[in-house]
Structures are given as C-alpha cells and as structure tokens.
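Each remark here refers to the structure printed beneath this line.
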Amino acid sequence: MTNKVTAEEVFAAADALVAAGQEPTQEKVRALLGGRGSMSTISKNLRLWRTKRDNEVQAIAAELTLEQQQSFLSVLADVAKTIRHEFETQLAKLRAAQRHQEETNAADLTAACDEADRLAEELSASKEATRIACEALAACKAGFAALQAEQAHLSAERLQDKAVIAELRSAVAEFSKIRAEDLDAAIERRVREAAHSSGRQAV
C-alpha cells in the first residue's frame, strides 16, 4: 500500500470531519487516512479544500434571494444559539462534576489526615507503653541480679558456716580424745599408787 494520498482523499476526509462536527486539521486528516500522506501534502490539499468550500458557499449565497439569505442566517443563529446552550449546559455539568470531585478529594484528604493523626497517636502511645515495659523489664533484671548476688552471698556464708562447724566438731572430737587419754592416764596412776601403797603395808 502506497503512503501517497490524493487531493480527493484529503477532501473526503475533511468533509467527513466536518460532518462529524470536528474542525479538519492536518493531524486529524492524516489519522483518518490511516497515517498515510506527508504533512506538507495534506496541508497543501487542505488549503485547496478550504478555498473550494468557500467558493461553494459564496456561489450558494449568490443564488439565494435576500429573503432566503435572511432565513438562512436566522437558522444559523438558532443553530448557534442551540450549540451555545448545549455548550454552556455541558460546561456547567463539567464544572459541577469537577467541584464534586474536588469536594470528594478534600473529604478523602481530610479523612486520610485524621487517620494519619490517629495512627500517630497510637504509635506515640505504643512507644510510651514500650518505654514503660522496657523500664519495668530493666527493673526486673536488676532485681533478679540483686537476688542472685544475695543468694551467692548467702551460699558463701553457708559454706563458711559449714567450715566453722566442721572445725568446731573436729576440735570437740580432739578435746574429747585428749580428755579420754588424760582420764586413762589418771586411772592408771591411781592404780599404781594403790598397788604401791598396799605393798608398803604388807612389809
């Protein structure tokens, strides 16, 4: 398929755009032609189409009587009035929709800000609770460490007491042994003395 376009194709595309209520432009004509034709060729043929259309309008106007021209102008005025009214109606609807959207966006933004504030407050409260919990945990750890130290101290004292008790028991046992030995020696001495005394009396 060739990319070249003829003047007739450009004219037909321009007429189709006008019939659709659109202003023929180089881009719209080229798009309607499927992207064919250079911009310079389309521009040249559009100028020819506008000249041809103006000539046709002037020829039609020349054939009309004054009364027909006035009637035609009246019809055009009514059409223009209708178009203007439709345009203003659509514009009002568009502005109303835009205003509604802006209000909705503002409400959504306000709600989002409120939610952000709430989450910030919850986060702040959570941080405070976490701080308190950490302080309580630190206090518990310190108390546990102190308890362990006290238990270690008591264990050391118990060991020391056991050692003292063991020493006392050993001393008592040693003392008892010494006393037992002294008692045996005293008995033996008394026996010897009694025997010696008996011997002397017998003589």
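A few comments on the model shown:
- Criterion (modelled with pLDDT under 75 and surrounded by 10 or more Cβ atoms within 10 Å (Cβ to Cβ)) met by exactly one of A152, A146, A194, A142: A194
- Condition met for A13 (modelled with pLDDT under 85 and within 54 Å of the chain's Cα centre (by Cα)): no
- Enumeration of residues in segment 18-32 that are under 24 Å from E56 (Cα atoms), among the hydrophobic types (A, V, I, L, M, F, W, C) and surrounded by fewer than 17 Cβ atoms within 10 Å (Cβ to Cβ): V18, A19, A20
- Any hit, segment 43-58, residues being more than 29 Å from A13 (Cα to Cα) and among the hydrophobic types (A, V, I, L, M, F, W, C): no
- Filtered residue count, segment 1-37, keeping only those that are of a type in the set (G, A, S) and either under 13 Å from W49 (Cβ atoms) or not in a loop (DSSP other than H, G, I, E, B) (or both): 7
The values are calculated or read from the model by the stated rules, or taken from the named source; none is laboratory data. Everything numeric here is computed off the predicted structure, so don't read it as measured data. In this analysis, Cβ positions are derived from the backbone assuming ideal geometry, glycine residues included, and neighbour counts consider all displayed protein chains.
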